[in-house]
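*Asks:* My structure is below; once you've seen it, I'll send some questions.
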């Protein structure tokens, strides 16, 4: 018995078509890659232009703010310079006034002295400041005030009253005036009292505040008599080493 023949399979072989399909797919892929690249480049250029514009805007804003800041600093410096100049001018004017007052006081003392010598009968003040001195204390801020009160020639009665003392100067760039209460902290002494016939001497310790520069002192004598005018005399701040 003859065996049956096997199944015959016929296959078609077309290599050209495979190459065409493969080449077309490759070209299509390359085209898609190029399109994606161009789209990304356009998007990047647009973002770069936007960033550049924003950077330029920020630069302009920074320049404006810097100019405004510079103008404000200039105004502040000008104002501070003006305030310092005004403070110095006020201090100089006060110093000149103090010198003139001290000169007038010295001339008044000299006039009273010579009137006493020549026997002037014109009625003068019942109290006279014979001496006012400032000496150094135990540290740079401590001082001792020495005040001597006298009377006209041949006094007939006893006088009494109170004495106020102020020290004028500057604290930093500002003028300042300190009374006796502020100068005697913590043991506050508001005024000195006198009661004498011929002569009375006072010695009062004071303490100046930190940073205070004294220029002159004013002594005010207030008599205990009703209606009596106070006697004021100004002295330049000058240390006596004796």
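The values are calculated or read from the model by the stated rules, or taken from the named source; none is laboratory data. This one's a predicted model, so the numbers in the text were calculated from it and none came from an experiment. Counting neighbours? That spans all protein chains shown, and the Cβs are built from the backbone with ideal geometry, glycine included.
*Asks:* Please find, among 36, 51, 46, the residue that is out of contact with any strand residue (DSSP E or B) (no Cβ under 8 Å at 6 or more places or on another chain), surrounded by 10 or more Cβ atoms within 10 Å (Cβ to Cβ) and either at positive phi or at pLDDT 75 or above (or both).
*Replies:* Details: 51 fails: either at positive phi or at pLDDT 75 or above (or both); 46 fails: either at positive phi or at pLDDT 75 or above (or both).
Answer to the check: 36.
*Asks:* I would also like to ask the following. Looking at 198, 114, which one is surrounded by fewer than 12 Cβ atoms within 10 Å (Cβ to Cβ) and either at pLDDT 95 or above or touching a strand residue (DSSP E or B) at 6+ places or on another chain (Cβ under 8 Å) (or both)?
*Replies:* 198
*Asks:* Read through the list (1) over 22 Å from residue 92 (Cβ atoms); (2) under 26 Å from the mean Cα position of the chain (by Cα), then give the number of the only condition that residue 184 fails.
*Replies:* (2)
*Asks:* Tell me which strands (runs of 3 or more DSSP E) are completely within segment 131-189 and hold 2 or more residues being touching a residue at least 60 places away in the same chain (Cβ under 8 Å) and in contact with a strand residue (DSSP E or B) (Cβ under 7 Å, 6 or more places away or on another chain), or say none if there are none.
*Replies:* Ranges flagged: 142-150, 159-171.
*Asks:* Another one. Just the residues that are assigned to a strand (DSSP E or B) and within 37 Å of the chain's Cα centre (by Cα), please, taken from segment 206-230.
*Replies:* Quick first cut of segment 206-230, residues assigned to a strand (DSSP E or B) only: 206-207, 212-223.
Selection gives 206, 207, 212, 213, 214, 215, 216, 217, 218, 219, 220, 221.
*Asks:* Out of the residues in segment 231-242 meeting the condition of being out of contact with any helix residue (DSSP H, G or I) (no Cβ under 9 Å at 6 or more places or on another chain) and assigned to a strand (DSSP E or B), tell me which one is surrounded by the fewest Cβ atoms within 10 Å (Cβ to Cβ).
*Replies:* 239
*Asks:* Mind counting the residues in segment 190-205 that are farther than 30 Å from residue 156 by Cβ and part of a strand (DSSP E or B)?
*Replies:* Looking only at that region, the number is 1.
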